[in-house]
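Down below is the structure, laid out as structure tokens.
The values are calculated or read from the model by the stated rules, or taken from the named source; none is laboratory data. As the structure is a prediction and not an experimental result, all values here were calculated from the model. Every residue, glycine as well, gets a Cβ built from its backbone with ideal geometry; the counts of neighbours run over all protein chains shown. SASA here: full protein model, heavy atoms, side chains in, ligands and nucleic acids out. Shrake-Rupley method; radii C 1.70, N 1.55, O 1.52, S 1.80 Å.
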Amino acid sequence: MNITTTDGSNAVDPTRYGPWAVIAGGSEGVGASFAHQLADAGINLVLIARKPGPLEETAAAVRTRGVEVRTLSLDLTDSGAIGQILAATEDLDVGLLIYNAGANSYGSDFVEGDLGRFQDVIDLNITAQLTLVHFFGAKMRARGSGGLLLVGSMSGYLGGKHLSIYGAVKAFGRVFAESLWLELRDHGVDVLELVLGVTRTPAMERAGMNLGGAMKVSEPDDVAREGLAHLADGPVWVAGGNASRAEEINGPDRRGLILKQHERMLKLFPQRAKADAESAQAKG
């Protein structure tokens, strides 16, 4: 089964985006959905993720579609991880890189937080991403076709408590994608920053996110399908019907927008709000 757009045309062309795709963060959630949908389009996969269990489960399921799958269980913040990826893909013709490994692995008030752990957030969301894009992007430019899909977040549009570094790296990612798009659009390489809103992923559930109520929540399969369908519509595509929200939080009243968003986040992460209240009471 091929992935199709709403008008029935093929969204993922294996001759353009194959025969191999690399997915960083390809074991669960949106990354696993990308893997299944690309396999349905006949594209072989290199799946990279930190946890070997979910990684191998996804790989086994994807292989039933008849494609080849290589797995790399790596922590992208480790110094040797990128070298292992480059060595493991050296013999492959990679037509698509999806960088989906960009979680907020550490949240804290900045001045009270651990700088080393903040650096891990930077390395995961910026350093590793830049290195892989540089390597695979150069090869795609040389061959005259390919795609770079970088998964971003609505958090990159405005600041938030415990999100000082995560929001900043996501803002970096979006501007980086815009520049890449300009540089590569005349060389047959599509660049897309796929901006996610609230999405029902295992990582969000582990973080204690409240996905009930009136909050607009996207499903991983829908987000992945939308991103692949709009690969050629870069530099930025806001998924899940959140484009109007992105425009809203880009307004000039930064103080008002940030305070309003803070109230939304307290409702979205009730466990965090409770912990903050208890901490404030203890200090008071």
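The residues of region 231-267 that are open to solvent by less than 40 Å² (accessible area, probe 1.4 Å), touching a residue at least 24 places away in the same chain (Cβ under 8 Å) and in a loop (DSSP other than H, G, I, E, B), listed by number, are 231, 234, 235, 239, 240, 242, 249. Could we say that residue 196 is open to solvent by less than 80 Å² (accessible area, probe 1.4 Å), closer than 26 Å to residue 95 by Cβ, in contact with a Leu (Cβ under 9 Å, 6 or more places away or on another chain) and at pLDDT 95 or above here? Here the answer is no, as residue 196 does not meet what is asked. Within region 88-101, can you find the residues that are more than 15 Å from residue 134 (Cα to Cα) and out of contact with any Pro (no Cβ under 9 Å at 6 or more places or on another chain)? Selection gives 88, 91, 100, 101.
Output the residues belonging to region 36-57 that are in a helix (DSSP H, G or I) and open to solvent by 10 Å² or more (accessible area, probe 1.4 Å). Residues satisfying the conditions are 36, 37, 40, 52, 53, 54, 56, 57. In region 89-111, the count of residues that are modelled with pLDDT under 95, polar (S, T, N, Q), exposed (fewer than 14 other Cβ atoms within 10 Å of the Cβ) and closer than 26 Å to residue 168 by Cα is zero.
Out of the residues in region 75-88 that are open to solvent by 20 Å² or more (accessible area, probe 1.4 Å) and closer than 24 Å to residue 193 by Cα, state the one that is farthest from the chain's Cα centre (by Cα). Break it down stepwise before answering.
Of all residues in region 75-88, those open to solvent by 20 Å² or more (accessible area, probe 1.4 Å) come to 75, 77-80, 82-84, 86-88.
Restricting the remaining residues to those that are closer than 24 Å to residue 193 by Cα gives 75, 77, 82, 86.
On the way: 75: 15, 77: 16, 82: 17, 86: 20 Å.
Per the stated criteria, the residue is 86.
State whether the residues of region 2-24 include one that is in contact with a helix residue (DSSP H, G or I) (Cβ under 8 Å, 6 or more places away or on another chain), at pLDDT 95 or above and open to solvent by 20 Å² or more (accessible area, probe 1.4 Å). The answer is no; no qualifying residue exists.
Step by step: first the residues of region 138-155, then only those that are assigned to a helix (DSSP H, G or I), of a type outside the set (A, V, I, L, M) and touching a helix residue (DSSP H, G or I) at 6+ places or on another chain (Cβ under 9 Å), then the one that is most open to solvent (accessible area, probe 1.4 Å). Which residue is that? Break it down into steps so the answer makes sense when it comes.
At the first step, the residues of region 138-155 found to be assigned to a helix (DSSP H, G or I) are 138-143, 154-155.
Next, only the ones that are of a type outside the set (A, V, I, L, M) stay: 139, 141, 143, 155.
Filter once more, so that each one left must be touching a helix residue (DSSP H, G or I) at 6+ places or on another chain (Cβ under 9 Å): 141, 155.
Working: 141: 119, 155: 30 Å².
Here the answer is 141.
Selection of first residues in region 13-35 that are in a helix (DSSP H, G or I) and of second residues that are among the basic types (Lys, Arg) and open to solvent by 10 Å² or more (accessible area, probe 1.4 Å), restricted to Cβ pairs under 9 Å at least 6 apart or on distinct chains, gives the following pairs, ordered by first then second residue: 29/200; 33/225.
Rundown of residues vs (1) out of contact with any Cys (no Cβ under 8 Å at 6 or more places or on another chain); (2) at pLDDT below 95; (3) closer than 21 Å to residue 228 by Cα, yes/no style:
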| position | (1), (2), (3) |
| --- | --- |
| 123 | yes, no, no |
| 132 | yes, no, yes |
| 145 | yes, no, yes |
| 150 | yes, no, yes |
| 161 | yes, yes, no |
| 169 | yes, no, no |
| 174 | yes, no, yes |
| 181 | yes, no, yes |
| 184 | yes, no, yes |
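Scanning region 94-137 for residues that are part of a loop (DSSP other than H, G, I, E, B) and under 18 Å from residue 159 (Cα atoms) gives 102, 103, 104, 105, 106, 107, 108, 109, 113. Please work out if residue 76 is part of a loop (DSSP other than H, G, I, E, B) and closer than 21 Å to residue 168 by Cβ. Taking the combined requirement at face value, the residue satisfies it.
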